[in-house]
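K.L.:
Attaching a single structure in structure tokens format; questions to follow.
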Number of protein chains: 2
Amino acid sequence: MAEASRLTESAGAVFAVLAQVGSATRPQLASLAGLSKPTVSAAVAELEGARLATHSGTSSSGTGRSAAVYGLGAASGSVLAVDLGPARTRVRGCALDGTLLAEADTPRTRAADAVREALAALPAGAPLRAIVVAVGDVTAPDRAGSGMRPATAKAGPVFDAVSVALPPGVPVHLENNVNCAALAELHEGAARGRRTFGYLRIGVGVGLGIVIGGQVLRGANGAAGELARLPYPWDDDREPRQEALEAYVGSHALLRRAAEIWREADGPCPRTADRLFALAAQGREPARAVVARHAADVGRLAAAVTAVLDPGLIVLGGSTGADPQLLPGVRAELDRLSWPTEVVSSQIGDLGTVAGAARLAVAKGVQTVTEGARVKD
Amino acid sequence: MAEASRLTESAGAVFAVLAQVGSATRPQLASLAGLSKPTVSAAVAELEGARLATHSGTSSSGTGRSAAVYGLGAASGSVLAVDLGPARTRVRGCALDGTLLAEADTPRTRAADAVREALAALPAGAPLRAIVVAVGDVTAPDRAGSGMRPATAKAGPVFDAVSVALPPGVPVHLENNVNCAALAELHEGAARGRRTFGYLRIGVGVGLGIVIGGQVLRGANGAAGELARLPYPWDDDREPRQEALEAYVGSHALLRRAAEIWREADGPCPRTADRLFALAAQGREPARAVVARHAADVGRLAAAVTAVLDPGLIVLGGSTGADPQLLPGVRAELDRLSWPTEVVSSQIGDLGTVAGAARLAVAKGVQTVTEGARVKD
DNA sequence: TGAACTTCGTTAGGAAGTTAACTAACGAAG
DNA sequence: CTTCGTTAGTTAACTTCCTAACGAAGTTCA
């Protein structure tokens, strides 16, 4: 019989822990959830009855009685994460313990196909509990947990194109792609074990994902970390202009600057940031200088962040931010201008956004289980 | 008999609520603490036994039986707040419900006297539970809850001069003065009812107090909001320098700029910011232009904050920041550069720092009661 | 093989909090 | 002055968790 009733509090807590670690014995669950053994036993029994957990083996710790191992059950369901990137659309379907169940990757124009493909690969019997869509845009603050749309026109059309492929009745969360990537760095990247840090992404544009106490900071307009609106240029006799910063520190500007100082004798001028970094890594001269200058610019951007937030750690990402050869220059400029702050390069790269969106979707999905599975509330 | 044992959890919750509202009936405590009537009755009995609460009257709500009103008891004790300001030292002693018990205000050089004076005026029988000292300096992160010192030499000597007057055995917390003032705006000023905002103080220096979810954001080095380290000047061909921003937007710069463009015919050049603002308020010309330019500069500073945090509300304070005639100019520049953000002037002024420090001290003091009065742990 | 040890899981009793129902106190209306 | 409606506070039964102790199921060593 299908028990759609709500879980007790302890069962919810145990389920949340079980989803986090994937599989565990009862004593492990007890210590992780901060509950006693009898309570965990009762909770596990309840979860097994609801098919939210299953006995998946035994574990012997050398000496003593061997413990029963439990994992997520068939009824725990799955979640979907969609990254509407500038070039490609990436989709992942995950179980609530984060294991990958389905994956799709298409050009941006075939976004809806990617979603359908991934949905088809998910187990049919169990509920899809949450969908997170990462967009390169400011998202309105999360009110009812669904029905959001990107705040400006930038990502609106793509989102609409995808949303027709989304199954009805499942809560959809929009999230900024930089925030998602920051979450990925937090859980499986360069910021593992941290509670507070900033993820500074520099590519065509610039963006900052802020994590404080393990939580993403979204801001009143969902625009926290939208560094493009930092006042720039800024001086006694210069008026800041909107968007001027991205035009100056973004990847387009980097290549333009390279082209300006490039000469015949230097060989062919690089047309991509990757090529430019490769030349610089070999010590080839105009490239090295351009990259060094870029590092200082990134350091200034980082200084603007530390002046406000003092996060203690900044993770650099993006097509022109993640290269480790930037690190010395960035650190030097940041040291010169601001507070002691660790600076490291992203460990995840392009897949960070989907990975983070999946983390977020898993968290939302677990919530729907523990807080009483309200699909239509 | 003195019961030094720990309170039950429900009694602690009830005490915290009682401290927040000052006095309340049992039904009020029940709804505010989210507890049931029987539990509150038991908790109140426990608190009365420990002299942490007393029956202080009855309240009739027109119809029905009249309820007993409870307030804080004699054993709840007091806390001390010290503001080591640039010119004056202000001290307040408060009960745990925030009522003022003692106050002192001396020139900075007699700081220790102010502390002794206020301490003498506090009730002798009950414990002093916490001391908060507000300094104009970066404070190291709060580890054991005491034993901190200002991070740089700026406020170190003053703090040492005061600390000799502090009674031993009482936990001392250092806090940045701008953070304190932000807390005052949150609880009794322009940000009442908000959960997230920024308090931008502009005087001789610039500083930002960040409140997120009702909590002050301190940062990894205790330097969150130290805007003086924003990169400035910043442009393609200018190198940012440390401290350059304060030299440009602080009150000294404001008066210097006024002096530069002032002419014989304009009358005597103002020597204080107050005087300059007064002239501007009358529409007198060179003053008005200087103030308008200052407003734009403040707007840019605010834009730098919103670009990172998007707080939704910015409260302006400080000797050259709180004047309401700045508001239109600040709002215009902020609108032009950044996200929709409310901008208002501080409602508290110079006393904000002590008031906020007192709030913080009360919160810490309540903690010592509810978490088991550990004075030396 | 069986005693000793260690770890797992259950059983029993108790602490802390909840809901529901009852008694107590107060004002107003007849 | 009594009665009724309303609100305060208490008592009782039940829920949910914890701690402590015990039985069950392994491993190790003689």
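The values are calculated or read from the model by the stated rules, or taken from the named source; none is laboratory data. Computed from a predicted model, the values in this text were never measured in an experiment. Neighbour counts run over all protein chains shown; Cβ positions are idealised from the backbone, glycine included. Note: accessible area is taken over every heavy atom of the protein model, side chains too, but ligands, DNA and RNA are not part of it. Shrake-Rupley method; radii C 1.70, N 1.55, O 1.52, S 1.80 Å.
K.L.:
Say a site is exposed when it is one of the trypsin sites (Lys or Arg not before Pro), sits in a DSSP loop, and has at most 15 other Cβ atoms within 10 Å; what is then the longest site-free stretch of chain A?
P.N.:
Working: sites that count: A:Arg6, A:Arg65, A:Arg143, A:Lys154, A:Arg192, A:Arg195, A:Arg241, A:Arg263, A:Arg271, A:Arg284, A:Arg374, A:Lys376.
It runs A:285-373.
K.L.:
Packing-wise, with mean Cβ within 10 Å as the measure, how do A:308-314, A:211-217 rank, highest first?
P.N.:
Working: A:308-314: 25.7, A:211-217: 18.1.
In descending order of packing, they fall as A:308-314, A:211-217.
K.L.:
Using only atoms on other chains, find how many Cβ atoms lie within 10 Å of each Cβ of peptide A:308-318 and report the average.
P.N.:
Average neighbour count from other chains, rounded to a whole number: 5.
K.L.:
Could you go through the range A:133-138 in sequence order and give the Karplus-derived ³J(HN,Hα) for each residue, using 6.51 cos²θ - 1.76 cosθ + 1.60 with θ = phi - 60°, rounded to whole Hz, and x for Gly and Pro?
P.N.:
Along the range A:133-138, the couplings run 10, 9, 10, x, 7, 6 Hz.
K.L.:
Which value, in square angstrom to the nearest 100, describes the accessible area buried between chains A and B on both sides, using a 1.4 angstrom probe?
P.N.:
On the way: alone 18470 and 18470 Å², together 32650 Å².
Adding both sides of the contact gives about 4300 Å².
K.L.:
How big is the Cα convex hull of chain B in projection, averaged over all directions, in nm²? Could you put the intermediate results ahead of the total?
P.N.:
Numbers: hull surface 90.7 nm².
With every direction weighted equally, the projected area is 22.7 nm².
K.L.:
In addition: Provide an ascending nm list, one decimal, of label-point separations from A:Ser66 to the equivalent residue in each further copy; define each label point as 7 Å from Cα along Cα→Cβ.
P.N.:
Result for A:Ser66, in nm, nearest copy first: 7.3.
K.L.:
If one puts a single equal scatterer on every Cα of the range B:9-75 and applies the Debye formula without solvent, what log₁₀ I(q)/I(0) results at q = 0.22, 0.29 Å⁻¹?
P.N.:
-0.84, -1.38
K.L.:
Taking the Cα centre of each part, how many Å lie between the range A:31-71 and the range B:59-99?
P.N.:
49
K.L.:
Ignoring ligands, DNA and RNA, please state the percent of accessible area on chain A from carbon and sulfur, probe 1.4 Å.
P.N.:
On the way: 8430 of 16330 Å².
Answer for chain A is 52 percent, counting heavy atoms of protein chains only.
K.L.:
Let me ask something else about it. Using a 1.4 Å probe, what is the accessible area per residue for chain B, in Å²?
P.N.:
Details: 16320 Å² over 377 residues.
Heavy-atom SASA per residue in chain B reads 43 Å².
K.L.:
Considering only protein heavy atoms, what is the solvent-accessible area of B:Asp335 at a probe of 1.4 Å, reported in Å² to the nearest 10?
P.N.:
Result for B:Asp335: roughly 100 Å² accessible.
K.L.:
Rounded, prolate or oblate, given the Cα gyration tensor of the protein assembly as shown, with a/c below 1.5 counting as rounded? Walk me through the numbers on the way to the answer.
P.N.:
Details: a/c = 1.91, a/b = 1.03, b/c = 1.85.
It comes out oblate by the Cα gyration axes.
K.L.:
Could you order A:Val298, A:Val344 by accessible surface area, starting with the largest, using a probe radius of 1.4 Å? Walk me through the numbers before you get to the answer.
P.N.:
Values: A:Val298 0, A:Val344 35 Å².
Solvent-accessible surface, decreasing: A:Val344, A:Val298.
K.L.:
Mind checking B:211-222 for the average number of partner chain beta-carbons within 10 Å of each residue's beta-carbon?
P.N.:
On the way: counts 0, 7, 4, 0, 2, 0, 8, 2, 10, 14, 8, 2.
Across the residues of B:211-222, the mean count of other-chain Cβ atoms within 10 Å is 5.
K.L.:
Could you name the aspartates and glutamates in cross-link range of A:Lys364, using Cα to Cα under 15 Å and dropping any fewer than eight places away on the same chain?
P.N.:
Partners found: A:Asp97, A:Asp142, A:Glu175, A:Asp377.
K.L.:
Given Cα pairs under 8 Å that are at least 6 residues apart, what percent is the relative contact order of chain B? Kindly include the intermediate steps, with their values, before the conclusion.
P.N.:
Values: 768 pairs, mean separation 65.8, N = 377.
Contact order relative to length: 17 percent.
K.L.:
Hey, another quick one. Assume the label is 7 Å from Cα along Cα to beta carbon: what separations in nm does A:Ala42 have to the matching positions in the other copies?
P.N.:
Result for A:Ala42, in nm, nearest copy first: 1.7.
K.L.:
Which of the three applies to the range B:291-377, rounded, prolate or oblate, going by the alpha-carbon gyration tensor with a ≥ b ≥ c and a/c under 1.5 meaning rounded?
P.N.:
Values: a/c = 4.04, a/b = 2.30, b/c = 1.76.
Cα axes put the range B:291-377 in the prolate bin.
K.L.:
Read phi for every residue in the range B:71-77 and hand back ³J(HN,Hα) as whole Hz from Karplus 6.51 cos²θ - 1.76 cosθ + 1.60, θ = phi - 60°, with x for Gly and Pro.
P.N.:
x, 5, x, 5, 7, 6, x
K.L.:
Given only helices, namely DSSP H runs of n ≥ 4 each adding -39500 (n - 2.57), what is the per-residue ellipticity at 222 nm of chain B, to the nearest 500 deg cm²/dmol?
P.N.:
Details: 12 runs with 146 residues, N = 377.
The helix-only estimate for chain B comes to -12000 deg cm²/dmol at 222 nm.
K.L.:
Please report the spacing between the Cα centers of the range B:256-329 and the range A:155-228 in Å, no decimals.
P.N.:
37
K.L.:
Calculate one ³J(HN,Hα) per residue across the range B:17-30 by plugging θ = phi - 60° into the Karplus curve 6.51 cos²θ - 1.76 cosθ + 1.60, and present them in order as whole Hz with x for glycine and proline.
P.N.:
Per residue, the Karplus-derived 3J(HN,Hα) values read 5, 4, 5, 5, 9, x, 8, 6, 8, 4, x, 4, 4, 4 Hz.
K.L.:
Can you tell me what share of the DSSP beta bridges in chain A is antiparallel? A percent to the nearest 5 is fine. Don't skip to the answer; put the middle values down first.
P.N.:
Working: 33 of 52 bridges.
Bridges in chain A are about 65 percent antiparallel.
K.L.:
At 7 angstrom along the Cα-to-beta-carbon line, where would the label on B:Pro324 sit relative to the other copies? Give the distances in nm, shortest first.
P.N.:
5.9
K.L.:
Follow-up. Pairs of alpha-carbon atoms within less than 8 angstrom and 6+ residues apart define the contacts here; what relative contact order does the range A:190-347 have, in percent?
P.N.:
Working: 263 pairs, mean separation 39.9, N = 158.
Relative contact order for the range A:190-347 comes out at 25 percent.
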